[in-house]
Every structure is written in C-alpha cells, then in structure tokens.
Amino acid sequence: MIPLRLVSCAASVLVLASACAVLPEDPRPAPEAPSTPVAVVTTPSVAPYNVVAPGLPAAVATRPTTGAGIATYADPFGVYSSICTLGFLARYPNGQIVAFTAGHCAEAARQVRPDRNPVARYLTSADSSVPFGEYIKATRSARGQDIAIIQVAGRDVAPVAPAIGPVTGFSTPDRLRTERPEICIVGARTGRHCGVLDDVSGTRVTWAGIPAVEGDSGGPVYAKWPDGTFTAVGVVNSVHTRADGTGTGSGTGTLIAADIEANDMTLLGTA
C-alpha cells in the first residue's frame, strides 16, 4: 500500500513539481493520539420479584395526572377492579387535550361499554375513581404497538409527573438509537425507576433494570440525558418474566413520537 502522503505528493507533481521534496524523518517519537473516553453503562441489578403486586397502593390524584393511576374496569359506582397508569398528555391543533396510555388498558375498559367508546377514569382514592374522558384509539399489533389515546373532557389536567418534572420535548427513534440515553418510567404502583436502553425497533422500545409491575402499564417512559433533562419517549406495555413468573427488570413500551407528529400534537408538561 502506498502511504497517503506519497500519493498526495505524486499527484501534485503534475502542477507543482517544485513543491514535492523528500523531507527528513523526525527522530522524535510521534505524540500519542488523545484517547476517546468510553462510557461504561451498568445495568441496575434487579432481583427476582413478583410482577403481580396488588398490595402496592396505586398513586391517586385530584385531577388527571401523568404517572397516576387510572381505572381500567369499573362498576357503575366507580369502584375499580384493575388499574393502569396515565401517560403523557398532549393537545391537538384545535385545542382538544388527549392522554396516552397502553392499548390493552383500553381493551379492559371496553368490557363496561362494548358497543361504545370506553370511559377513562382516574383514581381519586384507594376505592374510587372519576370519569375524565373516552378512549378514541386503541392499537395492539404484532409489530409491537400497544398504545391508546384518551380524549379528555375539559382542560383541568396535570401533565407533569411529580417524580420526574417537566420534559424538554419528545425523542425520535433515531435520536434514541444514536445517543442511547438512560431510560426511566413512572408507574402508578412502583413510582419512578431508571434503567438502560436495550433496543429501539419500529415503534417499540425495550429496556433493562426497571422493576415494573402489573398496574404500571400505560405509564410514561422517559429518556434521561447527561445534562439531567428528560424527554418523553412512550408508554409502558409489558414486563419480561422468568419461567417461575418473577420479573427480570426488562420491559417493553410503545413510542409516542409517531402519533404526535402524524396528528401535529403539542406535548404538554414541557419546560
């Protein structure tokens, strides 16, 4: 192989022959190239745990709140039998406020109104819930989508999860794959936990090191960046389990970027 500096000189001979001269070798050793720092990512250790944990109380709120509990199946008196978590809130160009959660949460709520849009209810106490809107979209597919959109009645909402604070926007799949931030979720039962990004494929995101449980489905998934800021990523869908049913700390979610961009939504709860 011809050294590049000789190729450059030979090419220059055609025009600037006088500029090509043989330079004496410098006896001094060449300086070492600066080393590139390598970021070491450590996955938080998660011991086996029960993913069905009805003894863990769900977060309640005085109005629809990102990260708080929502009823997925409720009787006429508002007593819930199972819960999910309310995800991010956004606004359509016409001013209509919507909320994200998991698609399977909408399917559970549909049991009450199989012939109409199911009602969404937020938890106000350990044994009561209040309706705040209707599910207008619920998608579950083999490609990994598991997302629902709730049309919120009124505008009295709390789009900031207290455990996280405001976000600076939402993350695209490309940025997540390229920069690989830390991943955090907020679940109605477990609160805030952070782990490591595993993969981003299509509309699906996976992570490790987060001990989510039943009831955290639909909760907000965040990217935590080196400067301490957060961006919205998606909604919690599932947790991975061992053969004995205990959780591994790995989980799956659906990204919200596609819905926000396709519908020209404005994400709420931003700084």
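Odds and ends about this structure:
- Volume of the convex hull of segment 205-262 (Cα atoms only), normalised per residue: 85 Å³.
- The label-point distance for Trp225 and Thr139, in a model that sets each label 7 Å from Cα toward Cβ, rounds to 2.5 nm.
- For segment 136-269, the Kirkwood radius over C-alpha pairs fed into Stokes-Einstein at 25 °C and 0.890 mPa s yields D = 162 µm² per second.
- Dipole magnitude of segment 160-207, debye to nearest 20 (Cβ charges: Lys/Arg +1, Asp/Glu -1, about Cα centre): 140 debye
- Inverse mean reciprocal Cα-Cα distance (Kirkwood Rh) of segment 107-198, Å: 16.2 Å
- Here the label points at Arg177 and Thr42, each 7 Å from Cα along the C-beta direction, are separated by 3.0 nm in the simple model.
- A 1.4 Å probe run over segment 76-189, with the rest of the protein chains in place, finds 46 Å² accessible per residue.
- Surface share of carbon and sulfur [accessible, 1.4 angstrom probe, percent] for segment 168-271: 45 percent
- Theoretical FRET efficiency, 1/(1+(r/R0)^6), r = Cβ-Cβ of Arg116 and Val52, R0 30 Å, to 0.05: 0.50
- Given charges at Cβ of Lys, Arg, Asp, Glu: segment 96-160 dipole, positive-most of Val160, His104, Val119: His104
The values are calculated or read from the model by the stated rules, or taken from the named source; none is laboratory data. Fair warning: this is a prediction, and the values are worked out from it, not measured in the lab. Using ideal geometry, Cβ is built from the backbone for each residue, glycine included, and neighbour counts are taken over all protein chains shown. Just the protein is used for accessible areas: all its heavy atoms, side chains included, with ligands, DNA and RNA removed. Shrake-Rupley method; radii C 1.70, N 1.55, O 1.52, S 1.80 Å.
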